[in-house]
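Have a look at the structure below before the remarks.
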Amino acid sequence: MPNSHIPVITIDGPTASGKGTVAHKVADKLGFHCLDSGSLYRLTALTAIRRGSDLHDEHAIAKLAEHLPVSFAGGEILLAHENVSQAIRAEEVGNMASQIAALPTVRQALYALQLGFRKAPGLVADGRDMGTVIFPNAQLKVFLTASVEARAQRRYKQLIDKGFSANMEDLLSDLQARDDRDTHRAIAPLVPAEGAHFLDTSNMTADQAIEQVLQWYAHLK
Ligand code: DC
């Protein structure tokens, strides 16, 4: 691998575990790039929903993934020239993302795009398979988790803060269904990478989790 010397920190974990916040803040502190790999599955899902694509047509969905007109600018996510940063966070899009993420050709279509984020001075990548499949030679791998109740509460607050409506019971059962699908799918399931550091954030603030990851990284050197 020509760029394997460029440091990568992978942060994998279940939905709403806080890995996105931790990844962004760690990247900011280190001056690294950040890859929110879930956004790529969400963008593919959003495009499929808008086009009314058939979810069972794996090749059509993979084509959408392969030709995503995506760009990341100043923390915002653009699809063609439209800012879809908020739209991709809707629960409907997340649920659909989890379904299409089980399709092997969709994962294959997004593979090279993800590798391209490994640029100097370094990358923090969050998702489900960052440490197991995409960057198996990462310098630091973290498996970040939290209880399903803690995650449902965080997701509830996030949705309300963003002006979406939310129902706690629906959120809990959606999270459980997505955990189940993401953990048990045949391809690139959510499992801790070999050598991953475990971080249970159920009773931790985001700042404490960020500090822990930075400490692990500092101790690598
Ligand atoms: O992290 P997130 O909730 O934004 O991800 C949305 C969905 O995308 C998630 O349910 C599973 C899928 N995903 C994946 O399969 N692999 C990744 N590396 C990231 C996300």
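Tabulated values for the structure
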item: Conditions (1) closer than 20 Å to residue 3 by Cα; (2) in contact (Cβ under 8 Å) with a residue 40 or more places away in the chain; (3) within 13 Å of the ligand (Cβ to nearest atom); number of the one not met by residue 111; result: (2)
item: Matching residues, the stretch 174-221, being assigned to a helix (DSSP H, G or I), among the hydroxyl-bearing types (Ser, Thr, Tyr) and modelled with pLDDT under 95; result: 183
item: Some residue of the stretch 11-26 being assigned to a strand (DSSP E or B), at pLDDT below 95 and under 23 Å from residue 164 (Cβ atoms); result: no
item: Filtered residue count, the stretch 94-115, keeping only those that are in contact with a strand residue (DSSP E or B) (Cβ under 9 Å, 6 or more places away or on another chain) and surrounded by fewer than 17 Cβ atoms within 10 Å (Cβ to Cβ); result: 1
item: Test: residue in the stretch 83-93 that is surrounded by fewer than 20 Cβ atoms within 10 Å (Cβ to Cβ), under 25 Å from residue 3 (Cβ atoms) and out of contact with any Cys (no Cβ under 6 Å at 6 or more places or on another chain); result: no
item: Residue match in the stretch 160-173 (condition: buried (at least 17 other Cβ atoms within 10 Å of the Cβ), away from the ligand (no atom under 14 Å from the Cβ) and without any contact (Cβ under 8 Å) to a residue 40 or more places away in the chain); result: yes
item: Flag for residue 75 being modelled with pLDDT under 95, surrounded by 20 or more Cβ atoms within 10 Å (Cβ to Cβ) and either of a type in the set (Gly, Ala, Ser) or farther than 28 Å from residue 213 by Cβ (or both); result: no
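The values are calculated or read from the model by the stated rules, or taken from the named source; none is laboratory data. Every value quoted in this text rests on a predicted model; they were computed, and no experiment measured them. Glycine gets a Cβ as well: all are built from the backbone with ideal geometry, and neighbour counts include every protein chain shown.
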